[in-house]
Structures are given as C-alpha cells and as structure tokens.
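Just below is one structure, and these are the notes that go with it.
Just so it is clear, none of the values below were taken in a lab; they were calculated from the coordinates. From a predicted model like this one, the values you see are computed outputs, not experimental measurements. A quick note on method: Cβ atoms are made from the backbone with ideal geometry, for glycine too, and the neighbour counts reach across all protein chains shown.
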Amino acid sequence: MIIESLLDTDLSKFSTMQVVLHHFPAAQVEYRYQCQTPGIDLRPCLPDIREAVTQLCRLRFTPEELAYLGSLRFIKSDFVDFLGLFHLPEQCIAIDASSERPGELDITIRGSWLHTILFEIPVLSIINEVYNRRESPRPPLAEGRRRLRAKIDLIRQEPTRDEFRVADYGTRRRFSRVWHDEVLRTLAEELGPTVAGTGNVALARRYGLKPLGTMEHEYLQACQALGPRLRESQVYALETWAREYRGDLGIALSDVYGMEAFFRDFDMFFCKLFDGARHDSGDPFVWAERLLRHYEFNRVDPRSKTLVFSDNITIPLALELARRFHSQCRLSFGIGAKLTNDLGPDPLRLTMKMVRCNGQPVAKVSDIPDNALCDDPAYLAYLRQVFDAA
C-alpha cells in the first residue's frame with residue numbers, strides 16, 4: 001500500500017480545506033494532471049496507479065490522527081468533526097491513458113472542492129512511486145544516502161548555521177514513502193533545530209516536528225470565481241484567510257498573479273497583518289530585494305517578517321540566499337525533490353492544478369511566463385490584462 005494514512009499530505013491542504021468548509025462549502029471544482037517530463041511512458045503504470053488510488057479512497061482518519069489535528073491551535077473542532085466522517089470519493093477521479101499524447105495519462109478530478117481537495121498530493125505521490133518502482137526495482141539508496149550526507153555536511157560547515165532553517169516540502173515529489181521517511185528522520189537526527197519542520201503532517205506527527213504550510217495556490221485561484229470581482233480576488237483571498245486564522249498561518253503566497261500584482265495588492269494593511277510571504281517562482285534574489293524594499297516603503301521593519309523560499313531550492317542556493325539576506329529578515333527554506341527524490345535519476349515533473357471553479361476557468365500567472373497554468377487561453381489573456389501581468 002503506497003499511501004497508508006490520509007495525514008500523509010501537506011499541512012497546507014488541511015489549512016485550505018478548513019477555509020473551504022467555513023466559507024465555500026458549496027464550491028465545485030475541476031483539477032487536471034500534467035506530466036511536464038517529455039518522453040515518459042506511464043501507460044504500463046496505469047493498473048498499479050488505479051489500484052493505489054482505490055486503496056487511498058478506502059482510508060479514513062483514525063481517532064489518534066484526528067486528535068493530533070485537533071491539537072494544532074488553528075484547527076477548529078467542527079473541522080475535526082467533519083474529517084471524522086471524511087473519505088476521498090473515488091467516483092470523482094478519472095484515470096485513463098491519453099488518446100492524444102502517447103505514453104501520457106489523463107487524470108481529471110471533478111466534484112465538491114471540500115471533498116476533492118485532498119486528492120492532489122497523494123495521487124502525485126502514487127504516480128511517482130509506481131513509476132520509480134518500475135524504473136528502479138533496486139532503488140539507488142546508497143547514492144541517495146551519499147547525496148543526503150553531502151547536504152548535511154554542507155549545512156554543518158556553514159558559518160551562519162545557527163540562523164539557518166530548512167524544511168521538507170517534498171511529499172508530492174518524493175521517490176517513495178519509505179525513502180521520504182528515511183530522509184526526514186536522518187535530517188532531524190543529524191541537524192536538530194536546523195530542521196524547521198516538514199510540510200507532511202504524518203511525518204511531523206511521527207517525529208515530533210512542526211507541521212508547516214499555509215495556503216495553497218488553488219485557494220487564490222478559486223477566489224477568481226468566488227470573490228466579488230476578478231481584480232479584487234487576491235485581496236479577497238487574503239482578507240478571507242485572515243478572518244479564518246486571526247493571525248495564525250500568516251505566510252502569503254506571492255506568485256499566483258505575478259510579483260508586480262502581488263506588491264500592488266499587498267499594501268500596508270497586509271504588510272502588517274501577515275507574518276511574511278513565500279516565493280515560488282522567478283528569481284529569488286530579485287523577489288527578496290523587492291519585498292524588503294516594499295516592507296520599508298510601507299513602514300514595516302523587514303527584520304520582523306519571514307521570507308520563505310520554495311521554488312526549486314537546493315541546499316547550496318538556500319545557503320547563498322541565507323548569506324545574502326540573513327541580517328535583513330527572517331528566512332526559511334522549503335526543499336522538495338532535491339531532498340526527497342535526489343538519488344541520481346532525474347525525478348518526474350508532475351503537477352495537478354485546479355482549472356475550473358463553479359464552472360469558470362481559473363488560472364495561475366507565474367513570474368515565469370511559460371509556467372502559467374490554465375486550459376482556457378482567452379481567460380488567461382483576460383486575467384493578465386486585468387492584473388497587468390506580463
């Protein structure tokens with residue numbers, strides 16, 4: 001069994017799901033999967049992927065898991081009660097071989113946002129693990145351990161290590177569940193407080209680490225359909241989030257509409273209200289410089305704010321960013337595949353993104369133009385115009 005617990009997912013899925021329960025319980029959504037690695041034939045994996053998803057949909061939260069979620073101060077009791085009745089609805093996910101793209105899969109999820117939001121992370125984890133089992137029946141664990149040791153040694157040699165904090169954000173991109181567990185356990189044992197925590201709730205519970213994560217990109221995307229006006233959707237999303245969490249989970253995503261649009265909406269009120277922001281596309285050095293200046297312009301001391309970097313972060317890049325900005329703000333680094341899928345072979349680049357909410361197209365406008373996510377070119381062009389995005 002590939003996924004053994006519904007906690008084996010990102011905290012940001014639960015925090016977003018709670019907002020959906022309290023503010024958008026009737027929203028209907030559609031997600032679509034995409035493999036961005038060319039030349040990969042996933043058709044032989046299809047039966048095993050389907051079987052693993054069937055097993056996933058049989059899972060329920062245990063009383064112990066619900067008690068753990070309820071112990072997190074920002075998780076509310078009615079949400080825990082809802083999760084006590086929850087399971088993933090298998091009828092909402094379709095997994096087929098693509099008829100148009102040889103070797104690829106067509107995976108679509110349609111249904112209630114509240115009941116389908118937890119599909120994304122475990123489904124991507126399943127595809128990765130099934131593929132890796134076929135391609136590497138004898139996993140190159142020795143090479144993975146060598147690379148992990150090199151990362152640990154690099155951190156230990158860093159002069160700014162006392163202030164350096166790194167987190168695991170690699171659930172959806174991991175080589176396997178077992179390898180993910182070994183990586184995080186090793187990091188926690190070897191680096192202690194340097195490991196800020198993990199996005200994976202099950203592993204945070206197992207190893208007494210802090211579960212990390214705030215909002216999902218899909219949350220800001222859905223607000224394009226759920227808010228009062230498109231141009232106000234980013235502000236609406238941030239305000240709704242703040243009403244729900246009242247100061248907790250205060251890291252804002254900055255890249256759904258592009259950096260410039262984020263800075264226009266992230267005014268003095270939000271600069272003071274939120275604890276910081278997360279970078280997830282574009283040049284991290286440019287983004288950080290701009291955000292620090294933005295805080296100063298809005299009369300906020302950047303040293304009281306946290307900048308989280310999570311876009312293709314490696315340990316060397318994280319250390320370089322730490323040296324550059326450590327005295328100007330608080331820093332945290334979320335590392336994905338470079339921690340949980342770094343055993344030699346290039347990991348698959350898989351995504352599953354929301355493309356519709358209540359029948360309306362939704363999109364993410366990345367700071368990297370080719371990374372924009374939308375299946376409706378006319379809507380994407382309109383969104384770019386509304387937010388004056390490149």
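Of 271, 57, how do they rank once you tally other Cβ atoms within 10 Å and put the fewest first?
On the way: 271 22, 57 17.
Going from least to most buried by this count: 57, 271.
For 266, 297, 119, what ranking results if the residue with the fewest other Cβ atoms within 10 Å of its Cβ goes first? Spell out each step's value before the answer.
Working: 266 22, 297 11, 119 25.
So the ranking, lowest neighbour count to highest, is 297, 266, 119.
Once a ≥ b ≥ c are taken as the square roots of the eigenvalues of the Cα gyration tensor of the range 291-356, is the result rounded (a/c under 1.5), prolate (a/b larger than b/c) or oblate (a/b not larger than b/c)? Display every interim value, and only then the final one.
Working: a/c = 4.06, a/b = 1.66, b/c = 2.45.
The shape class here is oblate.
When the dipole is taken about the Cα centre of the chain, and only Lys, Arg (+1) and Asp, Glu (-1) are charged at their Cβ, what size is it in debye, to the nearest 20?
My answer is approximately 640 debye.
How many percent of DSSP beta bridges within the chain run antiparallel, rounded to 5?
On the way: 21 of 39 bridges.
Of the beta bridges lying entirely in the chain, close to 55 percent run antiparallel.
Taking the chain as a Gaussian network, Cα atoms linked when under 10 Å apart, which of 302, 139, 102 shows the biggest mean-square fluctuation?
Checking each option, the largest mean-square fluctuation is seen for 102.
Going by the alpha-carbon gyration tensor, a ≥ b ≥ c the square roots of its eigenvalues, is the range 1-133 rounded (a/c under 1.5) or, if a/c is not under 1.5, prolate (a/b greater than b/c) versus oblate?
Details: a/c = 2.43, a/b = 1.80, b/c = 1.35.
Verdict is prolate for the range 1-133.
Once label points are set 7 Å from the Cα along Cα→Cβ at both residue 64 and residue 134, what is their separation, rounded to one decimal in nm?
3.5
Indicate the gyration tensor shape class of the range 141-340 (rounded, prolate or oblate), computed on the Cα atoms with a ≥ b ≥ c the square roots of the eigenvalues: a/c under 1.5 is rounded; otherwise a/b larger than b/c is prolate and the rest oblate.
Details: a/c = 2.13, a/b = 1.55, b/c = 1.38.
Since a/c reaches 1.5 and a/b is larger than b/c, the shape of the range 141-340 is classed as prolate.
For the range 48-81 and the range 226-278, what is the centre-to-centre distance using only Cα atoms, to the nearest Å?
28
How big is the dipole moment of the range 141-340 about its Cα centre under a simple scheme where the beta carbon of each Lys and Arg is +1, that of each Asp and Glu is -1, and everything else is neutral? Debye, nearest 20, please. Could you put the intermediate results ahead of the total?
On the way: 32 positive and 28 negative charges, 97 e Å.
Dipole about the Cα centre, nearest 20: 460 debye.
Output the pairs from 13/76; 272/364; 151/338; 13/210 with a Cα-Cα distance over 18 Å in this structure; if there are none, say none. Walk me through the numbers on the way to the answer.
Values: 13/76 15 Å; 272/364 25 Å; 151/338 10 Å; 13/210 15 Å.
Result: 272/364 exceed 18 Å.
Mind sorting 273, 105 by how few other Cβ atoms lie within 10 Å of their own Cβ, fewest first? Each step should come with its number before you reach the end.
Numbers: 273 16, 105 20.
The fewest-first ordering by Cβ neighbours comes to 273, 105.
DSSP H helices in the chain with Cα extent of 27 Å or more along the helix axis and mean Kyte-Doolittle hydropathy at least 1.0? Intermediate values should be presented prior to the final figure.
Details: long enough: none.
Passing helices, by number: none.
Return the percentage of antiparallel bridges among DSSP beta bridges fully within the range 141-340, rounded to the nearest 5 %. Each step should come with its number before you reach the end.
Working: 0 of 18 bridges.
Taking every DSSP beta bridge with both residues in the range 141-340, the antiparallel ones total about 0 percent.
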